[in-house]
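**Student:** There's a structure below that I have some questions on.
The values are calculated or read from the model by the stated rules, or taken from the named source; none is laboratory data. Bear in mind the structure is a predicted one, so any value in this text is a computation, not a measurement. Virtual Cβ from ideal backbone geometry, glycine too; neighbours counted across all protein chains shown. Note: areas computed on protein heavy atoms with side chains; ligands, DNA, RNA excluded. Shrake-Rupley method; radii C 1.70, N 1.55, O 1.52, S 1.80 Å.
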Amino acid sequence: QVQLVESGGGLVQPEGSLRLSCAASGSIFSIYTMGWYRQAPGKQRELVASITRSGSTNYADSVKGRFTISRDNAKNTVYLQMNSLKPEDTAVYYCNAKYYINAYWGQGTQVTVSS
C-alpha cells in the first residue's frame, strides 16, 4: 500500500512556471514507476510524464521540452517541473505509483494557467 500526497499547484500566468511535488509513504518508493497524470474538465485523464525506478522518462508530446519529471528516492518524492505553462495545461494533476498490477493515486492538485 502506498499513500501519495501532491502539493505545489496553484494559479499561474501563461509562460509561468510551477513545480509539483508528490510525497510517498507506506512502501518501498524506489521500486515504483511514478507518473503524473492530469484531467481537465470534460476530458479524460491523460498521462503527462512518467519515470521508472531506473530513471527512464516518458512525456506526452504536448509537454515535451516544457515539463521535466524527476525523483528523489532518498526523500520518497517525485517532482514535475512545469515551465512555459499554457492555458491548455489547466487541469487537476494526479500523482500515480505503479508496480506490476498495483497502482495508487494521490488526491490531485489543481493547476490553473490564466492571465
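**Student:** From (1) free of Cβ contacts under 8 Å to residues at least 60 places away in the same chain; (2) open to solvent by 50 Å² or more (accessible area, probe 1.4 Å); (3) part of a strand (DSSP E or B), pick out the condition that doesn't hold for Lys98.
**Tutor:** (1)
**Student:** If you go through segment 1-33 one residue at a time, how many are in contact with a Pro (Cβ under 7 Å, 6 or more places away or on another chain) and small (Gly, Ala, Ser)?
**Tutor:** Residues that pass the stated criteria total 0.
**Student:** Of (1) in contact with a Lys or Arg (Cβ under 9 Å, 6 or more places away or on another chain); (2) farther than 19 Å from Gln3 by Cβ, Val63 satisfies all except one. Which?
**Tutor:** Evaluating Val63 over (1) in contact with a Lys or Arg (Cβ under 9 Å, 6 or more places away or on another chain); (2) farther than 19 Å from Gln3 by Cβ leaves (1) as the failure.
**Student:** Report the residue count in segment 42-62 for those that are β-branched (Val, Ile, Thr) and open to solvent by 40 Å² or more (accessible area, probe 1.4 Å).
**Tutor:** Matching residues across segment 42-62 total 2.
**Student:** Give the residues of segment 22-41 that are open to solvent by less than 30 Å² (accessible area, probe 1.4 Å) and either farther than 19 Å from Ser54 by Cβ or assigned to a strand (DSSP E or B) (or both), sorted by residue number. Break it down into steps so the answer makes sense when it comes.
**Tutor:** In the first step, residues of segment 22-41 are kept if they are open to solvent by less than 30 Å² (accessible area, probe 1.4 Å); the result is 22, 24, 29, 32, 34-36, 38, 40.
Hits for segment 22-41 are Cys22, Ala24, Met34, Gly35, Trp36, Arg38, Ala40.
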